[in-house]
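Right, I'll just put the structure down here and ask away after.
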Amino acid sequence: MMKKNTRVVVGLSGGVDSSVAAYLLKEQGYEVIGMFMKNWHDESVTISNECPWMEDSTDAMLVAEKLGIPFQAIDLSEDYRKRIVDYMFAEYEAGRTPNPDILCNREIKFDIFLKAAQKLKAEFVATGHYCQKSESEINGKPVYHLLAGSDPNKDQSYFLCQLDQSQLAKALFPIGHLQKSEVRRIAKEQDLITADKKDSQGLCFIGKVRLPDFLQQQLKPRKGDILVVPEDATVFSKTWKNNDDESELDSICLPINFSPEIGTKIGEHNGAHYFTVGQRKGLQVGGTGKPLFVIGTDTTHNIIYTGLGETHPGLMRKGLFSPKKDVHWIREDLKLSVGDTARYQARIRYRQPLTGATLHMKENGLYVLFDEPQKGIASGQFVAWYQDNECIGSAVIK
């Protein structure tokens, strides 16, 4: 148990979840400080006429005032630009699909923000994430466990899959044991201004702005061809046996390299860097009968490869690969050595149901073979693996 009067800084976002997190901590006897992170205010990039961070900052301040806790705002926009935004643009330009929310937690909330809290002599930082944490002792050392939130519809452990033991040691998740409906109820009972506020649907650093609109500010439109690839293209005619042979693993787990001669032009797009594998919306090609999905992008030659229907072989893959440098273990005591294999449950996106997978650790990196083919495995995204309701590790998909 934590001792009373322990100082904790809560990341007040101006939303209902962090508001209730602050309230619960105060009720538990913590010395609570509310802090709002200002993450984006680049006037050179015109996002919209709205200014969501000002509204959110005001709401966060009013919540702190209502709870009777100190409040301050911290400007992290320069760190955001360097660590998140620049990286995100570079990834999209290279034809990969980064996850800024996962990076935000690893690089900002539980790094830059944590260090700012420690300067205020805080022992912990707290957020409104729907996840839980527990602690045990293994081989005489404390080990922290990142657990799924109790609300299956809101579990956000996936977004925290890149945290390490030192970050988890300093983290508190006060609402992780609650259902969203309970969080709303508590906020109403305490008359918090955020009680009925809608959840943010935008990027973690630019509020209400849609990703395509944001990308177009720096990745300029460039017309190119949309090619449709037939299901029986030779590139798909592989024999997948699910064995431990490394060349066999490569054929299953590495992305397919498409070439223009295998496809037929079906339309045009405004930039391959705006699209990601598995995407259906935004292609603006009609009359195809079955829905059209992106199965590959080539940002060098500005080509989008598509397939017809949800069962197209280019859309479904049985495995994925991550280079050794991009493999991360929350549970370092369970880290696989070269030659090891292990069974886990895994997911490649938020809210996706967990599915059985076998992890193969090789000299060059980690191969993940799924029991069932996965739809829309995209380079740059994260795969996370679980044991029961505990997130064990994650990796960037090649």
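The values are calculated or read from the model by the stated rules, or taken from the named source; none is laboratory data. Predicted, not measured: the structure shown is a model, and the values here were computed from it. Here the Cβ is made from the backbone with ideal geometry for all residues, glycine too, and neighbour counts use every protein chain on show. Accessible surface is based on the protein model in full, side chains and every heavy atom, while ligands, DNA and RNA are left aside. Shrake-Rupley method; radii C 1.70, N 1.55, O 1.52, S 1.80 Å.
Which lysines, if any, have their Cα less than 25 Å from the Cα of K281, not counting same-chain residues under 8 positions apart?
Excluding near neighbours in sequence, the set is K154, K198, K208, K220, K223, K265, K290, K318, K375, K398.
At 222 nm, what value in deg cm²/dmol follows for the chain if DSSP H runs of at least 4 each add -39500 (n - 2.57) and the sum is divided by all its residues, to the nearest 500?
The per-residue figure over the chain is -5500 deg cm²/dmol.
In a GNM of the chain with a 10 Å cut-off on Cα contacts, which of R81, R222, R331 has the highest mean-square fluctuation?
Ranking R81, R222, R331 by mean-square fluctuation puts R222 first.
Could you tell me what fraction of 2.2 N^0.38 Å the Cα radius of gyration of region 345-398 comes to, as a two-decimal ratio?
Scaled against compact globular proteins, the figure is 1.06.
Further, regarding this structure: Output the pairs from K115/K324; K26/K133; K121/K170 with a Cα-Cα distance over 22 Å in this structure; if there are none, say none.
Flagged as over cut-off: K115/K324.
Within the accessible area of region 54-182, what % is carbon and sulfur when the probe is 1.4 Å and the other protein chains stay in place?
That fraction is 48 percent.
Treat each spin label as a single point 7 Å out from the Cα along the C-beta direction, and report the A90 to E137 distance in nm.
So the two model labels end up 4.4 nm from each other.
For region 76-175, state the average projected area of the convex hull of the C-alpha atoms over all orientations, rounded to one decimal in nm².
Here the figure is 8.0 nm², rounded to one decimal.
Would you mind working out the magnitude of the charge dipole of the chain relative to its Cα centre, with +1 at each Lys and Arg C-beta and -1 at each Asp and Glu C-beta, to the nearest 20 Debye?
Dipole of the chain, to the nearest 20 debye: 340 debye.
At most 10 other Cβ atoms within 10 Å and a DSSP loop assignment: could you name the trypsin sites (Lys or Arg not before Pro) in region 255-311 that fit?
K281
I've got another one for you. Based on the Cα gyration tensor of region 127-166, what are the three equivalent ellipsoid semi-axes, each the root of five times an eigenvalue, rounded to whole Å and given largest first?
In descending order, the three semi-axes are 22, 11, 7 Å.
Along the charge dipole of region 66-114, pointing to its positive end and built from +1/-1 on Cβ of Lys, Arg, Asp and Glu, which listed residue (G68, I108, A94) has its Cα farthest out?
G68
Among G278, G263, T300, which residue has its Cα furthest toward the positive end of the charge dipole of the chain, with +1 on Lys/Arg Cβ and -1 on Asp/Glu Cβ?
Of the candidates, G278 comes out farthest on the positive side.
Just grab the label-to-label distance for Q118 and T288, each label 7 Å out from Cα along the Cβ direction, in nm (one decimal).
Modelled inter-label distance: 4.9 nm.
How large is the Kirkwood hydrodynamic radius of region 290-396, in angstrom, based on all distinct alpha carbon pairs?
It is 14.8 Å.
Using the basic label-point model (7 angstrom from Cα toward the beta carbon), what is the D326 to S247 distance in nanometres?
In this crude label model, D326 to S247 measures out at 2.5 nm.
Could you please tell me the mean projected area of the C-alpha convex hull for region 63-132, averaged over all directions and given in square nanometres to one decimal?
Taking a quarter of the hull surface, the average projection is 6.1 nm².
Give the carbon-plus-sulfur fraction of the accessible surface of region 264-370 in %, rounded to a whole number; probe 1.4 Å, heavy atoms of protein chains only.
That fraction is 48 percent.
Rolling a 1.4 Å sphere over the protein heavy atoms, what is the accessible area per residue of the chain, to the nearest Å²?
On a per-residue basis, the chain sits at 47 Å².
If you don't mind, there's one more thing I want to ask. Taking Cα atoms, how many degrees apart are the long axis of helix 52-67 and the longest axis of the chain, rounded to 10 and kept between 0 and 90?
30
Another question, if that's okay. Show S18, S134 ordered by accessible area, largest first, where the area counts protein heavy atoms only and the probe is 1.4 Å.
Sorted by accessible area, descending: S134, S18.
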